[in-house]
């Protein structure tokens, strides 16, 4: 099932995207509290999903998808963690960091040679030992279609093409073998990044802060596809287009750390809850940094993942 959150005539609803349009689950079963919101639906578990399938089978009325106001499917997630699951992105990002740092030197060629020799920009061994992640701002989630205002302190804006899983079950010390059972579904994740701010603060060894944290910096959507609808989440085409030009055409099968690995690691001595979002990290060549090309005022960023959909946002200077 493809689930969304939308507004219609000023009211917020839970919906299911079908071949005929959007079915308003909240309005179709107003007595069912599980259908009040995406968070409540996720927390209600498999019985709620079964009731939703039964409701859809009854042939309810639908509204054309372009006649509702789409919100992020989970407007305020319980928590957001973003991992770094793709090796190609990691290596490409370090390669770009070498080139960017060398360009600022008096002798770029010599500086690049010295950076390479120093090993400073090599992929860290710890990345191969365990999934790495940071916590995002759950209040910064925005929907596809919204114009994203460039943070005033940044001159270098970027996007990141990621997939995300949404937790469906509470759990602690979850094993890798059982981790998939805790996933509710999957969505697209765009991790907008202020690269200049990120490069400065990364020297402090605490991970991203203002490089990632600004209003509307995280795009989720357009729907959450329940896991029963995806035969294999690790074989999905992933594409990024800027103003219609393809910058990335990859596949989720290039991932190194799967969501099961991430969940098992994160849940060590820590309880995870329904509605938490875990990002995959950027797929290889899925951001401007890897191409040494960044966003301009007015650019339209379109990210697509097979069987999930497309999210599109324009970036504008405030």
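Just one of (1) within 15 Å of the chain's Cα centre (by Cα); (2) closer than 21 Å to residue 288 by Cα fails for residue 207. It is (1). Criterion applied to 60, 151, 131, 64 was being touching a strand residue (DSSP E or B) at 6+ places or on another chain (Cβ under 9 Å), modelled with pLDDT of 95 or more and under 24 Å from residue 299 (Cα atoms), and the one residue passing it is 151. Taken over the range 32-60, residues that are out of contact with any helix residue (DSSP H, G or I) (no Cβ under 8 Å at 6 or more places or on another chain) and more than 26 Å from residue 273 (Cβ to Cβ) amount to 5.
Taken as a whole, the range 49-72 holds at least one residue that is in contact (Cβ under 8 Å) with a residue 60 or more places away in the chain, in a strand (DSSP E or B) and exposed (fewer than 15 other Cβ atoms within 10 Å of the Cβ). Checked against (1) farther than 16 Å from residue 163 by Cα; (2) buried (at least 24 other Cβ atoms within 10 Å of the Cβ), residue 200 meets all criteria but (2). If you check residue 269 against the conditions, is it crowded, with 18+ Cβ neighbours inside 10 Å and not in a helix (DSSP H, G or I)? Answer is no for this residue. Can you find a residue that is surrounded by 18 or more Cβ atoms within 10 Å (Cβ to Cβ), touching a helix residue (DSSP H, G or I) at 6+ places or on another chain (Cβ under 7 Å), assigned by TED's automatic domain parsing to the domain that holds residue 229 and not in a loop (DSSP other than H, G, I, E, B) anywhere in the range 138-160? Scanning the range 138-160 turns up at least one residue that is surrounded by 18 or more Cβ atoms within 10 Å (Cβ to Cβ), touching a helix residue (DSSP H, G or I) at 6+ places or on another chain (Cβ under 7 Å), assigned by TED's automatic domain parsing to the domain that holds residue 229 and not in a loop (DSSP other than H, G, I, E, B). Of the residues in the range 166-174, at least one is closer than 23 Å to residue 141 by Cβ, assigned to a strand (DSSP E or B), under 13 Å from the mean Cα position of the chain (by Cα) and assigned by TED's automatic domain parsing to the domain that holds residue 269.
Residues checked against (1) closer than 24 Å to residue 144 by Cβ; (2) modelled with pLDDT under 95; (3) in the same structural domain as residue 231 (by TED's automatic domain parsing); (4) touching a helix residue (DSSP H, G or I) at 6+ places or on another chain (Cβ under 8 Å):
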residue	(1), (2), (3), (4)
18	yes, no, no, yes
29	no, no, no, yes
85	yes, no, yes, yes
101	no, yes, no, yes
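Looking across the range 299-318, just one residue is part of a loop (DSSP other than H, G, I, E, B), surrounded by fewer than 15 Cβ atoms within 10 Å (Cβ to Cβ) and modelled with pLDDT of 95 or more, and that is 306. Residues that are crowded, with 21+ Cβ neighbours inside 10 Å, outside any strand (DSSP E or B) and touching a residue at least 60 places away in the same chain (Cβ under 8 Å): does the range 238-246 have at least one? The answer is no, given that none of the residues of the range 238-246 is crowded, with 21+ Cβ neighbours inside 10 Å, outside any strand (DSSP E or B) and touching a residue at least 60 places away in the same chain (Cβ under 8 Å).
Screening residue 203 against (1) closer than 16 Å to residue 93 by Cα; (2) touching a helix residue (DSSP H, G or I) at 6+ places or on another chain (Cβ under 8 Å); (3) not in a loop (DSSP other than H, G, I, E, B) leaves a single unmet condition, (2).
On the basis of being in the same structural domain as residue 229 (by TED's automatic domain parsing), over 26 Å from residue 227 (Cβ atoms), surrounded by 15 or more Cβ atoms within 10 Å (Cβ to Cβ) and in contact with a helix residue (DSSP H, G or I) (Cβ under 7 Å, 6 or more places away or on another chain), does residue 193 make the cut? In short, no.
The values are calculated or read from the model by the stated rules, or taken from the named source; none is laboratory data. Predicted model only: the values in this text are computed from it and were never measured. Using ideal geometry, Cβ is built from the backbone for each residue, glycine included, and neighbour counts are taken over all protein chains shown.
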